[in-house]
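Notes to accompany the following structure.
The values are calculated or read from the model by the stated rules, or taken from the named source; none is laboratory data. No experiment lies behind these values; they were computed from the predicted model shown. Every residue, glycine among them, receives a Cβ derived from its backbone with ideal geometry; neighbour counts consider all protein chains shown. Note: accessible area is taken over every heavy atom of the protein model, side chains too, but ligands, DNA and RNA are not part of it. Shrake-Rupley method; radii C 1.70, N 1.55, O 1.52, S 1.80 Å.
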Amino acid sequence: MKNINITVIDSGMGNLWSVSSALHYLGCNVLTSDDPEVIVKADTLLLPGVGSFRRAMSALRKNGLDQAIIEAVQGRGIKILGICLGMQLMGISSSEDGHTLGLGLIPTRVDKFTANEVGANKIPHIGFDLVKSKPESRLFKGLNNSSDFYFVHSYRLLPTDLCGITAICNYGTNFLAAYEQDNIFATQFHPEKSQTNGLILLQNFLSQ
């Protein structure tokens, strides 16, 4: 993984240290930036995040980062990995704190888990859980088709009517744990906190 340049998008919504540390461990040259001009010209993008969808999208729009991401990904074909809130921001919209439009890179919406759905499970969904992937997945290459990854979230993307390759986790109800189509990749779980499985997944993304 030497000499891979990756730009971590700083939306001001989350601790970037752990994901940057994992990328450094894999031998990447890591740049953290909130400059739209840097984002547009990046070789590879990673969008992390924790917290409120509405606040994060507001921050992206305020700095012009939303259009920079869309131009890089859809205009230039640059590959991107969204993690946790970063994955949700790539969706069409979210119901968190009222209806808010997302980046529209993943054609589905974000909703909160309901008590009826999760049953005896608690909200938020925290801890390691099994993710079921498909044999043709590039992200999960070399991993078992049912592998543990670390989650922390109350909202999730719905897994319906998607053309890309999906991975599913069940937390009382199935939700979208990972997604990939062409140059767009995303995980609801935190690969940087998922030990060996997470490092393998990050390596797979970087090697695409």
Task: Accessible-area value, Asp97, 1.4 Å probe, nucleic acids and ligands omitted, Å² - done: 100
TODO: Write down the Kirkwood hydrodynamic radius of the range 152-208, to one decimal in angstroms, obtained as one divided by the mean of 1/r over all alpha carbon pairs.
DONE: 12.2
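Give, as a single signed number, the net charge of other residues whose beta carbon lies under 12 Å from the beta carbon of Phe128, with Lys and Arg counted +1 and Asp and Glu -1.
Values: positive: Lys193; negative: Asp129, Asp148.
Charge balance in the 12 Å sphere: -1.
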Open item on the list: Let me cross-check Ser154: its accessible surface, 1.4 Å probe, with only protein heavy atoms counted, in Å² to the nearest 10?
Closed with: 30
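Can you compute the equivalent ellipsoid semi-axes for the chain, i.e. the square root of 5 times each eigenvalue of the Cα gyration tensor, sorted largest first and rounded to whole Å? Provide the component values of the computation, followed by the final result.
Numbers: eigenvalues 114, 85, 46 Å².
Result for the chain: semi-axes of 24, 21, 15 Å.
What does the charge count near Cys163 come to, summing +1 for each Lys or Arg and -1 for each Asp or Glu among other residues with Cβ under 12 Å from its Cβ?
On the way: positive: none; negative: Asp161, Glu180, Asp182.
In short, -3.
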Task: 222 nm mean residue ellipticity, helices alone, for the chain (DSSP H n ≥ 4; -39,500 (n - 2.57); rounded to 500) - done: -6500 deg cm²/dmol
Task: Karplus-derived 3J(HN,Hα), 6.51/-1.76/1.60, for each residue of the range 188-199, Hz, glycine and proline x - done: 6, 7, 9, x, 5, 10, 10, 6, 4, 4, x, 5
Task: Distribution of pairwise C-alpha distances over the range 1-118, 5 Å bins, in % - done: 2, 12, 22, 24, 19, 11, 6, 3, 1, 0
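Among rounded, prolate and oblate, which fits the range 108-183 when a ≥ b ≥ c are the square roots of the eigenvalues of its C-alpha gyration tensor, a/c under 1.5 means rounded, and a/b larger than b/c means prolate? It would help to have the intermediate numbers written out before the result.
On the way: a/c = 2.35, a/b = 1.46, b/c = 1.61.
Taking the square roots of the gyration eigenvalues as a ≥ b ≥ c, the range 108-183 is oblate.
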Open item on the list: Take Ser146 and Gln181, extend 7 Å from each Cα along the Cα→Cβ direction, and tell me the distance between the two endpoints in nm.
Closed with: 2.8
Open item on the list: Under 5 Å between amide hydrogens, which residues at least 5 positions from Ile78 or on another chain qualify, with H placed 1.01 Å from N in the peptide plane?
Closed with: Val73
- [ ] Give me the accessible area of Leu31, 1.4 Å probe, in Å² rounded to the nearest 10.
- [x] 90
Task: Span per principal axis, largest first, for the Cα atoms of the range 56-150 (Å) - done: 40, 36, 19
Task: Where labels lie 7 Å past Cα in the beta-carbon direction, separation of Ser58 and Leu199 in nm - done: 3.9
TODO: Taking the Cβ of Asp182 as the centre, find all other residues whose Cβ is under 12 Å away and add up their charges (Lys, Arg: +1; Asp, Glu: -1).
DONE: +1
Task: 10 Å binning of all Cα-Cα separations within the range 137-176, expressed as whole percents from 0 upward - done: 23, 55, 22
